[in-house]
Amino acid sequence: MDFQQQLEEARELVEARLRTFFSGGGLEEAMRYSLLAGGKRIRPILTMKFCEAAGGTLEEALDFACGVEMLHTYSLIHDDLPCMDNDDLRRGMLTSHKKFGESVAILAGDALQAAAFQTVLSAKGKWRHGGQTAVALAAKILAEAAGETGMCGGQYWDTDGNGQPRTAEDLMDINDKKTGALLRAACMMGVCASMGRREVSESCMDAAWHYATNLGLAFQIRDDILDAVSTAEELGKPAGSDAANQKATYVNLMGVEACEVQVLNYTTQAKEALDSGRWLGDTAFLMELADSLAVRRN
């Protein structure tokens, strides 16, 4: 299969599995609304494709991947709240608090965070001897990505002191937590999923870490560019919200052209990082994915 076919295969696998969760009404309806609102599903696809690169299959990492997407969805629900970014649209749909009210949106996010860990820790499969250690490691990696040293810490520094000057180093530190942490978790958890069933070189975990770190920086800079130059129709959410919220961004610090160069530089470093791993499978898809994200339009 070519890159696009592989991308669609992985996305469809994730979508089908996500549809099996939260079929009830009330709070589950609100959880399901945001979880199934679409999106590129980049994080769960990374989880499954890193498992494949480490010698496994997409299916072996599917529940880890769904856990990652649940955590990502929780973060989006909370990011959109009036006390955070105060956005009305997400993926072309009303945000959770606009659809269900603020209290339900907060609870839906909280419940999705809990469900993420339940899904990872309940992952079934033919684990080899000691394989449950890989499940525990995956949950630990996800917890670290979610907490004060990861997304929550990044969001705190992103919202604290809006309108104040930031250096490029400040932005890199914030975005490495806010965006990079969950991308790192997604990639490393994919390696864990394979590691729990076969012997996998530790070099793959290191390579996944460096790939995701550089991919995350490229991804966030690209986000800043799109927020500055795209329309709400193209993005599926309000454009120009960074400027409206007086947030420091790479674009207002360096300009669009310099940002484009940085995106390509970090993308190159992400791809080069894969070469340091002793993979049992193929990393060609991961290379192409990095390139495609560098030029995405939404």
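The values are calculated or read from the model by the stated rules, or taken from the named source; none is laboratory data. The structure displayed is predicted, hence computed values, not measured ones. All Cβ positions, glycine included, derive from the backbone under ideal geometry; neighbour counts span all protein chains shown.
Being in a loop (DSSP other than H, G, I, E, B) and under 17 Å from residue 37 (Cα atoms) is the filter here; which residues of the range 64-95 pass it?
80, 81, 87, 88, 91, 92, 95 - these are the residues of the range 64-95 that are in a loop (DSSP other than H, G, I, E, B) and under 17 Å from residue 37 (Cα atoms).
Can you find, within the range 63-79, the residue that is surrounded by the most Cβ atoms within 10 Å (Cβ to Cβ) among those that are of a type outside the set (Gly, Ala, Ser) and in contact with a Pro (Cβ under 8 Å, 6 or more places away or on another chain)? Step through it out loud before you land on a result.
Looking only at the range 63-79, we keep the residues that are of a type outside the set (Gly, Ala, Ser), and these are 63-64, 66, 68-74, 76-79.
Now drop any that are not in contact with a Pro (Cβ under 8 Å, 6 or more places away or on another chain), which leaves 66, 68-69.
Details: 66: 25, 68: 34, 69: 26.
Taking the candidates together, the pick is 68.
Filter the range 45-59 for residues that are crowded, with 24+ Cβ neighbours inside 10 Å and over 19 Å from the mean Cα position of the chain (by Cα); which is farthest from residue 274 (Cα to Cα)?
It comes out as 56.
Would you pick out the residues in the range 268-298 that are in contact with a helix residue (DSSP H, G or I) (Cβ under 6 Å, 6 or more places away or on another chain) and of a type in the set (Asp, Glu)?
The one that is in contact with a helix residue (DSSP H, G or I) (Cβ under 6 Å, 6 or more places away or on another chain) and of a type in the set (Asp, Glu): 288.
Name, by its number, the condition in (1) crowded, with 24+ Cβ neighbours inside 10 Å; (2) touching a Leu at 6+ places or on another chain (Cβ under 6 Å); (3) not charged (D, E, K, R) that does not hold for residue 139.
(1) is the only condition that residue 139 fails.
Look at residue 41 and say whether it is surrounded by 20 or more Cβ atoms within 10 Å (Cβ to Cβ), among the basic types (Lys, Arg) and touching a Ser or Thr at 6+ places or on another chain (Cβ under 9 Å).
Details: surrounded by 20 or more Cβ atoms within 10 Å (Cβ to Cβ): yes; among the basic types (Lys, Arg): yes; touching a Ser or Thr at 6+ places or on another chain (Cβ under 9 Å): no.
Against the criterion (surrounded by 20 or more Cβ atoms within 10 Å (Cβ to Cβ), among the basic types (Lys, Arg) and touching a Ser or Thr at 6+ places or on another chain (Cβ under 9 Å)), residue 41 does not qualify.
Answer yes or no as to whether residue 180 is within 22 Å of residue 268 (Cα to Cα), out of contact with any Phe, Trp or Tyr (no Cβ under 6 Å at 6 or more places or on another chain) and not in a loop (DSSP other than H, G, I, E, B).
On the way: within 22 Å of residue 268 (Cα to Cα): yes; out of contact with any Phe, Trp or Tyr (no Cβ under 6 Å at 6 or more places or on another chain): yes; not in a loop (DSSP other than H, G, I, E, B): yes.
In short, yes.
Does residue 73 fit the bill of being of a type in the set (Ser, Thr, Tyr) and under 27 Å from residue 200 (Cβ atoms)? Steps first, answer last, please.
Working: of a type in the set (Ser, Thr, Tyr): yes; under 27 Å from residue 200 (Cβ atoms): no.
No; evaluated as a whole, the condition is false for this residue.
Quick one: what pairs do we get from the range 7-22, first residue over 22 Å from residue 286 (Cα atoms), second surrounded by fewer than 17 Cβ atoms within 10 Å (Cβ to Cβ), C-beta under 7 Å, 6+ apart or different chains?
What qualifies is 18/36; 19/36; 22/28.
What number of residues within the range 183-201 satisfy the criterion of being under 13 Å from residue 51 (Cα atoms), part of a helix (DSSP H, G or I) and at pLDDT 95 or above? Let's see the steps before the verdict.
Applying the first criterion (under 13 Å from residue 51 (Cα atoms)) to the range 183-201 yields 185-201.
Now restrict to residues that are part of a helix (DSSP H, G or I): 185-195.
Filter once more, keeping what is at pLDDT 95 or above: 185-194.
Within the range 183-201, residues that are under 13 Å from residue 51 (Cα atoms), part of a helix (DSSP H, G or I) and at pLDDT 95 or above number 10.
Out of 140, 49, 98, which single residue is under 26 Å from residue 176 (Cα atoms), part of a helix (DSSP H, G or I), out of contact with any helix residue (DSSP H, G or I) (no Cβ under 8 Å at 6 or more places or on another chain) and at pLDDT 95 or above?
Numbers: 49 fails: out of contact with any helix residue (DSSP H, G or I) (no Cβ under 8 Å at 6 or more places or on another chain); 98 fails: under 26 Å from residue 176 (Cα atoms).
That would be 140, the only listed residue that is under 26 Å from residue 176 (Cα atoms), part of a helix (DSSP H, G or I), out of contact with any helix residue (DSSP H, G or I) (no Cβ under 8 Å at 6 or more places or on another chain) and at pLDDT 95 or above.
Are there any helices (runs of 4 or more DSSP H) wholly within the range 205-298 with 3 or more residues that are over 18 Å from residue 166 (Cβ atoms) and at pLDDT below 95, and if so which?
Values: elements: 232-235, 241-244, 250-254, 256-274, 284-294.
Here the list reads 232-235.
Quick one: residue 23 ticks every box in (1) buried (at least 18 other Cβ atoms within 10 Å of the Cβ); (2) not in a helix (DSSP H, G or I) bar one, so which box is it?
The failed condition is (1).
Within the range 140-166, how many residues turn out to be over 16 Å from residue 212 (Cβ atoms) and touching a residue at least 40 places away in the same chain (Cβ under 8 Å)?
Number satisfying all stated conditions: 8.
Checking residue 160 against (1) surrounded by 23 or more Cβ atoms within 10 Å (Cβ to Cβ); (2) at pLDDT below 90, which single condition isn't satisfied?
Against the list (1) surrounded by 23 or more Cβ atoms within 10 Å (Cβ to Cβ); (2) at pLDDT below 90, residue 160 comes up short only on (1).
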